[in-house]
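For reference, the structure discussed in these notes is given below.
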Amino acid sequence: MKVWKLPEGDDKFELTPMIDVVFLLITFFMTVTSFASAELIQVVMPLSPEAKVPEEVGDRQFISISKEGVYYLGAFKSDLENIKNALIKRSTVKGFKGAYIRADANTPHKYVSELMKTCADAGVYNILFGTLNE
């Protein structure tokens, strides 16, 4: 009768690959959630038949403005100071492209202008404006 022996040292389960996969999943879901949640803010986008969509939008900070002038950083209400700090922090991340502003078609221009100045104060000059192309 032959007796089978396990090789020495192979009796431990490696957790490193499992941890790597878990961190990748967390990163993926956080990224997807931030893009999806920014779309939850209801704004009626302005029409712009001549608007062109860039080939690569890249990693951008979504900022929305309601027609009442309420600012949203992603899906959360914010003020200009918090937006500035978030843009400064995001601008240090490799691959960050700038801001994506979604303003309601009925938003007074002064709110958009204040937000553009805040972006400039944070050193973010690459800004995309959300419009409908119909």
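Coordinate-derived values only; no laboratory data. What you see is a predicted model; the values in this text were computed from it and never measured. In this analysis, Cβ positions are derived from the backbone assuming ideal geometry, glycine residues included, and neighbour counts consider all displayed protein chains.
Side notes on the structure shown:
- If only the Cβ of Lys and Arg carry +1 and only the Cβ of Asp and Glu carry -1, the dipole of segment 76-116 around its Cα centre is close to 280 debye.
- In order along segment 82-88, the Karplus-derived 3J(HN,Hα) couplings, from 6.51 cos²θ - 1.76 cosθ + 1.60 at θ = phi - 60°, round to 5, 5, 4, 5, 5, 5, 4 Hz, and Gly and Pro are given as x.
- Proximal lysines relative to Lys67, as straight alpha-carbon distance under 18 Å, when same-chain residues fewer than 8 apart are discounted: Lys77, Lys110
- For peptides 84-91, 57-64, sequence by mean Cβ density within 10 Å, most packed first: 57-64, 84-91
- Whole-angstrom gap from segment 106-134 to segment 64-83, using each part's C-alpha centre: 12 Å
- Among Phe76, Phe96, a tally of other beta-carbon atoms within 10 Å of each Cβ gives an order, fewest to most, of Phe76, Phe96.
- For the chain, a Gaussian network of Cα nodes joined below 10 Å ranks Glu81, Glu50, Glu114 by mean-square fluctuation, and the top entry is Glu50.
- Note on the chain: helix-only mean residue ellipticity at 222 nm, from DSSP H runs of 4+ residues weighted -39500 (n - 2.57) and normalised by residue number, equals -11500 deg cm²/dmol.
- Difference of contour (0.36 nm per residue) and Cα-Cα distance, Glu68 to Glu14: 14.0 nm
- At R0 = 25 Å, FRET efficiency that the Cβ-Cβ distance of Ile88 and Glu56 yields, to 0.05: 0.60
- Counted residue by residue at 0.36 nm each, then reduced by the alpha carbon distance between them, the extension gain from Asp79 to Phe28 reaches 15.6 nm.
- Pairs of Cα atoms nearer than 8 Å and 6+ residues apart set the relative contact order; for the chain it is 29 percent.
- The share of alpha-carbon pairs in segment 24-129 lying farther apart than 24 Å comes to 20%.
- Modelled this way, with points 7 Å down the Cα-to-C-beta line, the labels at Met45 and Tyr125 are 2.6 nm from one another.
- Loop-resident trypsin sites (Lys or Arg not before Pro) (DSSP state other than H, G, I, E or B) in segment 94-134 with no more than 11 further Cβ atoms inside 10 Å of their Cβ: Lys94.
- When DSSP beta bridges are restricted to pairs lying wholly in segment 24-129, around 40% turn out antiparallel.
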